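Accompanying notes for the structure given below.
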């Protein structure tokens, strides 16, 4: 049952390593962002880009 997936639990008996695990995930994500090279698709036109650029949170799910 995918709805029952709670990796760190919750309430008073939650995982004591939760904060450390989140920090490690952020560190790995930032290291990947620093090492990888990102670029726009060939022929990308800023003039037709919809909307403004800004900071946004992106969450990826598996389903």
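For residue 1, are the conditions met, namely being exposed (fewer than 10 other Cβ atoms within 10 Å of the Cβ) and either modelled with pLDDT of 70 or more or touching a helix residue (DSSP H, G or I) at 6+ places or on another chain (Cβ under 6 Å) (or both)?
Spelling it out, it is not the case that residue 1 is exposed (fewer than 10 other Cβ atoms within 10 Å of the Cβ) and either modelled with pLDDT of 70 or more or touching a helix residue (DSSP H, G or I) at 6+ places or on another chain (Cβ under 6 Å) (or both).
Return the residue satisfying two criteria in turn: it lies in region 11-36 and is surrounded by fewer than 10 Cβ atoms within 10 Å (Cβ to Cβ) and not in a helix (DSSP H, G or I), and of such residues it is modelled with the lowest pLDDT.
Looking at the filtered set, the residue picked out is 16.
The values are calculated or read from the model by the stated rules, or taken from the named source; none is laboratory data. None of these values were measured; they are calculated from a predicted model. We place every Cβ from the backbone using ideal geometry, glycine too, and count neighbours over all the protein chains shown.
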